[in-house]
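The structure appears right after this line, and notes come after that.
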């Protein structure tokens, strides 16, 4: 009999959530295409508009990374990749974070130079349907209209990211949710040019770039920590994932276990768990270990693989759980 490791099929509930997330990401790519095109058409000489346009281009990266990671994660484990391909989610997270951080830093430097050298941007007029209007009004209209959909979609993605434990989707949702600040900042910068306060445009661009860097650095830190096999955390990295405690609690309540503790590796959508148990007796039946492993896997769809290891004492890198009334 061959034991199959590396779950690629999600439970029905999570599978439905994933389908919804994929649809939302395709919708995101569609409206980003429209947004970026409109922003490019009214770009002008405004630093704030350029920063907003670059942010629109950067916003393509997280949904593309998510869609690629989803396809990769469906592959079954191989001899070369025995843990499967779920880490593609973490790789996508890292790629998106590096792009955000790098481009945000470039925009801060570029806009800062414009502010220091006192570049006075100008916004001309355009002829639209036979009417001559100030291009700034078109910029403001584009920012006002295109700033609304990302906020709505971003809030929808947050709930899906929580259920899927998908940090790329969470990073994307976080960026979308904060897009209104980019729109408001751009409008303020354009109005500043209109009333003669040239420096407001560069200041707004630096504000937008700072927001990009903030998102990038936060996600870069989280992506690197995950790839270094830190203890699994919730999708927003706020606290240790509660599944760790559930696994340890389940194992500690087995009649043949005196102490239990585990270390959990975040593989992307799923976890790989190495569970250590201190038996009450010197010998442990193979059937008990196999039953314990299957019981852990059945706790939650996020648990991909579990290895149950009987030991004399728990490693010092895990938190021990001792059953009530047990004498360690």
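Values in this text are rule-based calculations from the coordinates and carry no lab data. Keep in mind that this is a model prediction, so the values were computed, not measured. FYI the Cβ positions are ideal-geometry reconstructions off the backbone, even for glycines, and counts take in every protein chain you see.
Structure values in brief
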| read-out | value |
| --- | --- |
| The chain: angle of helix 179-194 to the longest principal axis, Cα-based, in degrees nearest 10 | 20 |
| DSSP beta bridge pairing in segment 242-310, given as percent antiparallel to the nearest 5 | 55 |
| Residues 94, 169, sorted so that the one with the fewest Cβ neighbours within 10 Å comes first | 94, 169 |
| Tilt relative to the chain, helix 199-227 - C-alpha long axis, 0 to 90 degrees, to 10 | 10 |
| Candidate values (i) 19.5; (ii) 17.9; (iii) 20.5, label of the one derived for mean projected area of the Cα convex hull in nm² | (iii) |
| The chain: angle of helix 242-252 to the longest principal axis, Cα-based, in degrees nearest 10 | 0 |
| Computed E for residue 41/residue 238 - FRET, C-beta separation, R0 30 angstrom, nearest 0.05 | 0.15 |
| Distance between modelled label sites at residue 256 and residue 152, nm, 7 Å Cα→Cβ extension | 5.7 |
| Gained length - residue 79 relative to residue 229, 0.36 nm times residue gap less alpha-carbon distance | 51.9 nm |
| Ordering of 63-74, 229-240, 184-195 by packing [mean C-beta count within 10 Å, highest first] | 184-195, 63-74, 229-240 |
| Extension reserve of the residue 294-residue 29 stretch, reckoned as 0.36 nm per residue once the Cα distance is removed | 91.4 nm |
| Segment 183-301 shape via C-alpha gyration tensor axes, a/c threshold 1.5 | prolate |
